[in-house]
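Trainee: The structure follows.
The values are calculated or read from the model by the stated rules, or taken from the named source; none is laboratory data. Source: prediction; values computed, not measured. Heads up, the Cβs are rebuilt from the backbone with ideal geometry, glycines too, and the neighbour counts pull from every protein chain shown.
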Amino acid sequence: MASNPMRSNTIGMCALLAACLATSANAQSFSARRMAMGGVLLGGGPGGAASNVAYRAVPEAKEGRTGIPLPIGLIPLLADMPSFDPNDSTFNAYELANLLYNPPWNITLGGTSAPSNDITIEIAQNRLAVDLGDIADVFPKDHTKIGNVMNEPSIGFGIRQLFVAVAPLVEYENDLSLNDALRAALRDGEAFTPNTLYQVFDDGRAQAAAALHLGAAMPLMQKGDPRAPGGAGVYAGARVKILRGLAYGQAENVASFTTSDTLFGSNPVDIGYTGHYRDAGLSGGGWGRGLDLGAVWLMGNLELGLGVNDVATRIDWKVRESLAYSDSATGNYVQNVIRTDAPFTSEIPTTAVANVALRLGNILLAGDIVRGINSTQGHAGAEIWLHNLALRAGGSIDANQKLQFGAGTGIRFGHFGLDVALATNSRNLSRERTLELGAGLALYH
């Protein structure tokens, strides 16, 4: 069967990836309060249960708070929609790719600059060197890895210490890399050389399942008011997941070409491609299981938490397995199905978060370390209330190991409030630091 599997599989994976990113809290902080405080996890009761199931049992502070994020970034996007037509003169692939990295929930103020068009090509006898200028920063120095696991939003109810809920589970990860020869040619502008193999590798996976959560969270020890001086409490929780697979896709792609003895010879360069695919739809989805664990310790003004999610989480599938390759004789891409309804078990990577918070009068200090897919991130922030005005600031180490900053304010009017935040990020193709504005409403109860 002649087809272009590289294109079709890439489009499918990108579509699912975009859906994941658009709802991923780890990829982007939607809370203006958290943005201003460096993206730090704020436990403080059931609001932190997605990251640490034990927070379901932790009593909230005397005065609770519910945040409502506002998608103000959609306003400029809808006012000036990008073109999706490659034949349109305003079409900008770089701009569309950045929308995948950075969903327009907040307003980007710094604006990532599109790569310049200053490309220098040096041609001599049996020599070709290309200086891509700013575009070279798009290509990874080593690996470009992205990924996330989403286990929310959940809908359910609890009876005493027990609870039941339903929620989606979506996981994706992608690893893009170049071999040394191609990296040197594209990033460093080194000359292409004869008899050299140039390769690009792209491994991607995305899976989705429906989850039934059955769990319990309870105090193991509680002394007085655990949030008051002299009080203390230790809380633990466990959440069992019963999963039903909805969709699975995995692709291992290699594209390559080898230069001949003469760079500018009469024989054209053949682009080689090989791909190994596994995919399954709803009919191929089986059952899965997983476990989340958490613990929280309160001692007056001090709060410590540790949550570990997706311990030994696996899903069974009946997948279609196929191989794709470029046929040098015909120039077409060919995809051959090797097996159908092949038994396969996928895994959901384990993620963990450790957080600490200390309240000193009207000052809150908080920090966390999040171990996710392919990266470890840290966040720290502070909040101080001056009557009805909150001042916030913080910083973080992001997935690209860059230092980011945040600051903002909140104002309260009785039971209602407004939060505004400014924060930097490097969620874009060129990984340059940019500035964004976020906003949200707050309900105090």
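Trainee: With respect to the numbered conditions (1) hydrophobic (A, V, I, L, M, F, W, C); (2) in contact (Cβ under 8 Å) with a residue 40 or more places away in the chain; (3) within 29 Å of LEU176 (Cβ to Cβ), which one is the sole condition not fulfilled by LEU358?
Mentor: (3)
Trainee: Restricting to the stretch 402-421, name every residue that is farther than 20 Å from GLY110 by Cα and exposed (fewer than 15 other Cβ atoms within 10 Å of the Cβ).
Mentor: Passing the criteria: ILE411, PHE413, GLY414, HIS415, PHE416.
Trainee: Something else about it: Only one of these is part of a helix (DSSP H, G or I), modelled with pLDDT under 80, out of contact with any strand residue (DSSP E or B) (no Cβ under 7 Å at 6 or more places or on another chain) and surrounded by 19 or more Cβ atoms within 10 Å (Cβ to Cβ): LEU21, LEU17. Name it.
Mentor: On the way: LEU17 fails: out of contact with any strand residue (DSSP E or B) (no Cβ under 7 Å at 6 or more places or on another chain).
Step by step, each of LEU21, LEU17 is checked, and only LEU21 is part of a helix (DSSP H, G or I), modelled with pLDDT under 80, out of contact with any strand residue (DSSP E or B) (no Cβ under 7 Å at 6 or more places or on another chain) and surrounded by 19 or more Cβ atoms within 10 Å (Cβ to Cβ).
Trainee: Got at least one residue in the stretch 218-239 being basic (Lys, Arg), out of contact with any Ser or Thr (no Cβ under 8 Å at 6 or more places or on another chain), modelled with pLDDT of 90 or more and closer than 29 Å to THR376 by Cα? Before the answer, list the steps.
Mentor: From the stretch 218-239, those basic (Lys, Arg) are 223, 227, 239; that's our starting set.
This time we only want the ones that are out of contact with any Ser or Thr (no Cβ under 8 Å at 6 or more places or on another chain), so: 223, 227, 239.
Next cut, modelled with pLDDT of 90 or more only: 223, 239.
Narrowing the set further to residues that are closer than 29 Å to THR376 by Cα leaves 239.
Looking for residues that are basic (Lys, Arg), out of contact with any Ser or Thr (no Cβ under 8 Å at 6 or more places or on another chain), modelled with pLDDT of 90 or more and closer than 29 Å to THR376 by Cα, one finds at least one in the stretch 218-239, hence yes.
Trainee: Which one is modelled with the highest pLDDT, of the residues in the stretch 388-442 that are part of a strand (DSSP E or B) and polar (S, T, N, Q)? Please lay out each step first, then the result.
Mentor: First pass over the stretch 388-442, keeping only residues part of a strand (DSSP E or B): 389-397, 403-413, 416-425, 434-442.
Subsequent filtering for residues that are polar (S, T, N, Q) retains 396, 404, 409, 424-425, 434.
Values: SER396: 93, GLN404: 93, THR409: 97, THR424: 92, ASN425: 86, THR434: 87.
Going through the qualifying residues, I end up with THR409.
Trainee: Follow-up. Quick check on my filter: what residues within the stretch 299-320 are among the aliphatic types (A, V, I, L, M) and at negative phi? Working first, answer last.
Mentor: Restricting attention to the stretch 299-320, the residues satisfying the condition of being among the aliphatic types (A, V, I, L, M) are 299, 302, 304, 306, 308, 311-312, 315, 319.
Within the stretch 299-320, MET299, LEU302, LEU304, LEU306, VAL308, VAL311, ILE315, VAL319 qualify.
Trainee: Go through the stretch 205-304 and tell me which strands (runs of 3 or more DSSP E), entirely inside it, have 3 or more residues that are among the hydrophobic types (A, V, I, L, M, F, W, C) and closer than 30 Å to LEU162 by Cβ.
Mentor: Values: elements: 232-258, 272-280, 285-299.
Of the strands (runs of 3 or more DSSP E) lying wholly inside the stretch 205-304, those with at least 3 residues that are among the hydrophobic types (A, V, I, L, M, F, W, C) and closer than 30 Å to LEU162 by Cβ span 232-258, 285-299.
Trainee: In the stretch 369-387, which residue that is in a strand (DSSP E or B) and touching a Gly at 6+ places or on another chain (Cβ under 7 Å) is surrounded by the most Cβ atoms within 10 Å (Cβ to Cβ)? Before you say what the answer is, go through the steps one by one.
Mentor: First pass over the stretch 369-387, keeping only residues in a strand (DSSP E or B): 369-371, 376-386.
So of that shortlist, the ones also touching a Gly at 6+ places or on another chain (Cβ under 7 Å) come out as 369, 379-382.
Values: ILE369: 16, HIS379: 25, ALA380: 19, GLY381: 28, ALA382: 18.
If we take residues in the stretch 369-387 being in a strand (DSSP E or B) and touching a Gly at 6+ places or on another chain (Cβ under 7 Å), then GLY381 is surrounded by the most Cβ atoms within 10 Å (Cβ to Cβ).
Trainee: Looking at (1) hydrophobic (A, V, I, L, M, F, W, C); (2) modelled with pLDDT under 85; (3) under 20 Å from ILE155 (Cα atoms); (4) in a helix (DSSP H, G or I), can you tell me which one ILE11 breaks?
Mentor: (3)
Trainee: May I ask you to list the residues in the stretch 326-341 that are part of a strand (DSSP E or B) and either among the charged types (D, E, K, R) or more than 18 Å from LEU282 (Cα to Cα) (or both)?
Mentor: Within the stretch 326-341, the first condition is being part of a strand (DSSP E or B), and the residues that meet it are 326, 333-341.
Scanning the stretch 326-341 gives SER326, TYR333, VAL334, GLN335, ASN336, VAL337, ILE338, ARG339, ASP341.
Trainee: Under 7 Å by Cβ, and 6 or more places apart or on different chains, what pairs join a residue from the stretch 400-428 that is touching a residue at least 40 places away in the same chain (Cβ under 8 Å) with one that is of a type in the set (Phe, Trp, Tyr) and outside any strand (DSSP E or B)?
Mentor: ARG427/TYR101; ASN428/TYR101
Trainee: Report yes if some residue within the stretch 339-356 is more than 30 Å from the chain's Cα centre (by Cα), more than 28 Å from PRO168 (Cβ to Cβ) and either surrounded by fewer than 19 Cβ atoms within 10 Å (Cβ to Cβ) or modelled with pLDDT of 90 or more (or both); otherwise report no. First the steps, then the outcome.
Mentor: Here is the first cut: in the stretch 339-356, the ones more than 30 Å from the chain's Cα centre (by Cα) are 339-341.
Keeping just the survivors that are more than 28 Å from PRO168 (Cβ to Cβ) gives 339.
Checking which are either surrounded by fewer than 19 Cβ atoms within 10 Å (Cβ to Cβ) or modelled with pLDDT of 90 or more (or both) leaves us with 339.
Within the stretch 339-356 (the criterion being more than 30 Å from the chain's Cα centre (by Cα), more than 28 Å from PRO168 (Cβ to Cβ) and either surrounded by fewer than 19 Cβ atoms within 10 Å (Cβ to Cβ) or modelled with pLDDT of 90 or more (or both)), the answer is yes, since at least one residue qualifies.
Trainee: Right, something else. Regarding the stretch 312-325, can at least one residue be identified that is under 20 Å from ARG56 (Cβ atoms) and in a strand (DSSP E or B)?
Mentor: Within the stretch 312-325, one or more residues are under 20 Å from ARG56 (Cβ atoms) and in a strand (DSSP E or B).
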